[in-house]
Amino acid sequence: MNKVTWNKLKIPIKEISLDVVLPSGQSFRWRKHGCEWVSVLNGLIIILRQEEDHILYRTMTSTAKKSLATSMDVENVLNDYFNTSIKLSKLYREFGARDRYFQTIAPLFSGIRILRQDPWETLCSFICSSNNSIKRITQMIENLCLTFGTYVASYEGVAYYTFPRAVDLCANNSVVQKLRELGFGYRAAYVYKTALKVHNWEMSGHELSELRGSTYQDVREFLLGFTGVGLKVADCVCLMAFDCHGSVPIDTHMWNIIQKRYAKAAKIRPSKSKTLSKATYDDISSHLRGLWGEYAGWAQSVLFISELRKTP
């Protein structure tokens, strides 16, 4: 039996807690196997183990296809994916100095950072997130990969597939029916139309990732042009795929926090409605950016998870 070789990614648990971040609704493709987290990145199965001062990682690929990835290649992928150039402990201190409530909850929710994900996968995934739970979104994305993705390899009895390309989801109108059979409901048409638009964009010589570096306002406006993308979905994708660190998504959980903790300062009237007008949504986001600074979206993620953990 070949000895399993693990590599080290030098990032301590205070900078990222895998058990908190990976199942929290940023990405929907990580599986927990005992003490390991497993997913597919860049066509490779990535296996992670958390240690106190580092993360152990190794990879798997198809036995029929030799991997050209070196440990340095994979380390670069993981450093990019985990945004390791951004020091989370420094951000926590800055948020705490600006916001007493953040200072109160921060010790209970350390290691929460924003992932830097593939723009197409993130856009498609968050279109599926509208009026949905993390558990159900995860199942939908798994079904999507099993049906339209490419097989990579199996690990611990589970087959892993790549996330399908946009072209794989817009081959013909039967895709919509298949997605409905997979449980996508009304979102099936949204995914199909978005895939078609992204594919056309790619065929014209562009790719979504080239929008990284654009202003938050420009990226958000671009995303709002896709079918099924509203304010919250656009802000999630801005934050988690396009380096718009000041993007502050407002969903039901955040709305609850805002009404309890920030309504007076933001001059927001309490409401039982889960639907916000664009003006109110933008006023709230603007207030929180003013409070937390240019990395406001990172502060939002800590509050979001604090509220999520209270929900049965």
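Numbers at a glance
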item	result
In order through the stretch 292-304: 3J(HN,Hα) via Karplus (6.51 cos²θ - 1.76 cosθ + 1.60), integer Hz, x for Gly, Pro	9, x, 5, 10, 4, x, 6, 5, 4, 5, 5, 5, 4
Principal axis box of the stretch 7-102, alpha-carbon based, largest edge first, Å	55, 24, 21
Candidates 104, 84, 122, ranked by Gaussian network fluctuation over the chain, Cα under 10 Å, top entry	104
Karplus-derived HN-Hα couplings along the stretch 114-127 (A = 6.51, B = -1.76, C = 1.60, θ = phi - 60°), whole Hz, x at Gly and Pro	8, 7, 10, 9, 4, x, 5, 4, 5, 4, 4, 5, 7, 5
Viscosity 1.002 mPa s, temperature 20 °C, Stokes-Einstein D of the chain from Kirkwood C-alpha radius, µm²/s	105 µm²/s
For residue 226, distant residues with modelled amide H under 5 Å away	none
Qualifying aspartates and glutamates (Cα of each under 19 Å from Cα of residue 90; at least 8 residues distant if same chain)	15, 52, 53, 80, 99, 243, 294
Dipole-positive endmost among 129, 38, 115 within the stretch 35-144 (Cβ charges, Cα centre)	129
Under the Karplus curve 6.51 cos²θ - 1.76 cosθ + 1.60, θ = phi - 60°, whole-Hz ³J(HN,Hα) for the stretch 236-252, x wherever Gly or Pro sits	4, 5, 4, 6, 9, 9, 10, 6, 8, 5, x, 5, 10, x, 10, 10, 4
Peptide ranges 242-249, 31-38, 175-182 listed from the most packed, as the mean C-beta count within 10 angstrom indicates	242-249, 175-182, 31-38
Most mobile of 218, 118, 80 in a GNM of the chain (Cα contacts under 10 Å)	218
Positive minus negative residues near residue 226 (Lys, Arg vs Asp, Glu; Cβ under 10 Å)	+2
Euclidean distance between Cα centres, the stretch 214-253 to the stretch 111-131, Å	10 Å
The chain, dipole about Cα centre (Lys/Arg Cβ +1, Asp/Glu Cβ -1), debye to the nearest 20	980 debye
Candidates 265, 188, 296, ranked by Gaussian network fluctuation over the chain, Cα under 10 Å, top entry	265
Over 25 Å (Cα to Cα) - which of 197/232; 8/135; 264/310; 8/32; 193/232 fall in this group	8/135
Charge context of residue 173, other residues only, Cβ under 13 angstrom, K/R +1, D/E -1	+3
Cβ-defined net charge surrounding residue 34, 14 Å radius [Lys, Arg +1; Asp, Glu -1]	0
The chain: calculated mean residue ellipticity at 222 nm from DSSP helix runs of at least 4, using -39500 (n - 2.57)	-13000 deg cm²/dmol
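Values in this text are rule-based calculations from the coordinates and carry no lab data. Quick caveat: nothing in here was measured; it's all calculated off a predicted structure. Methodologically, a virtual Cβ is constructed for each residue, glycine included, from the backbone with ideal geometry; neighbour enumeration extends over all protein chains shown.
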